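See structure below.
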Amino acid sequence: MAETSYFGIWKFVSDSLSPILLLSLSAFVGCDWTGKPKEEDRPVPAERVMEFAPLYATHCAGCHGPDGKNGPAPPHNDAIFLAIVPDEVLHRVVAEGRNGTPMPAFAKDKGGALTEAQIEVLAKGIRSSWQPANRLPDTQGSGLPSYWLADAKSGDKDAGRKAFARSCAECHGKDGKGTKEAGAVNDRAFLALASDQMLRRIIITGRPDFGMPNALKRDHPPLTSQEINDLVALLAYWRLGGDTNGK
């Protein structure tokens, strides 16, 4: 009986109050509209994201690793890479991608999802996040070619075999099929995804995140520019199905 009387009284009171008065009472006690989003909780449109960390996490980390390394693609968090790649090339690669590799174009006018300002944030952020405080000595002075340029001299696959035997076979096997130390590089599926420029870059910088040394640390003396070109020629030959004996 008491319960029935309570709800009856409440119904009478609520029915008697006008909607305007109910709204005023709600405001007076500090209640928000149910479901009304707060301004700070509203999602930010994709093209307005201008911080490096979320842009990198969304568009780059899946291939290059969450901290710019330990991903399937070559690392950005690498001192030699950052020493040899000019700002304009880094910007262009982010915007236009790399033909012949899984690296896509991110610029909107190239079919990507990022604005010019966001591409600038990524390109500058890669360098500012991981450039060593003390920059490396001029690596161009070592005679190493810049990986983004076409060969100054065409490589020779037969000379590349000699360079491979001296600097690569210990880990990748004499025929490039891999060992317990490192995976195969004489693999057409892998080479189909790796352009000549990408191969040159990996030979120069190595994969320090995976324990692969760079061209300066392979052995003594280090690889020369011509030897790097010759190694690229050999790998390009293997990409086409060439055998390990060159026949």
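Where a number appears in this text, it was derived from the coordinates with a stated rule and is not lab data. None of the values given here were measured: they were computed from a predicted structure.
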Next item on the list: Would you kindly derive the ³J(HN,Hα) couplings of the range 109-126 from the backbone phi angles with the Karplus curve 6.51 cos²θ - 1.76 cosθ + 1.60 (θ = phi - 60°), listing them in order in whole Hz, with x for Gly and Pro?
Entry: 6, 10, x, x, 10, 10, 7, 4, 5, 5, 4, 5, 4, 5, 4, 6, x, 4
Checklist line | Fully extended contour minus Cα-Cα distance, from Glu88 to Ala61, at 0.36 nm per residue | finding: 7.6 nm
Next item on the list: Output the pairs from Lys69/Lys108; Lys38/Lys124; Lys69/Lys162; Lys69/Lys110 with a Cα-Cα distance over 28 Å in this structure; if there are none, say none.
Entry: Lys38/Lys124; Lys69/Lys162
Next item on the list: Please report, in cubic angstrom per residue, the volume enclosed by the convex hull of the alpha-carbon atoms of the range 49-130.
Entry: 88 Å³
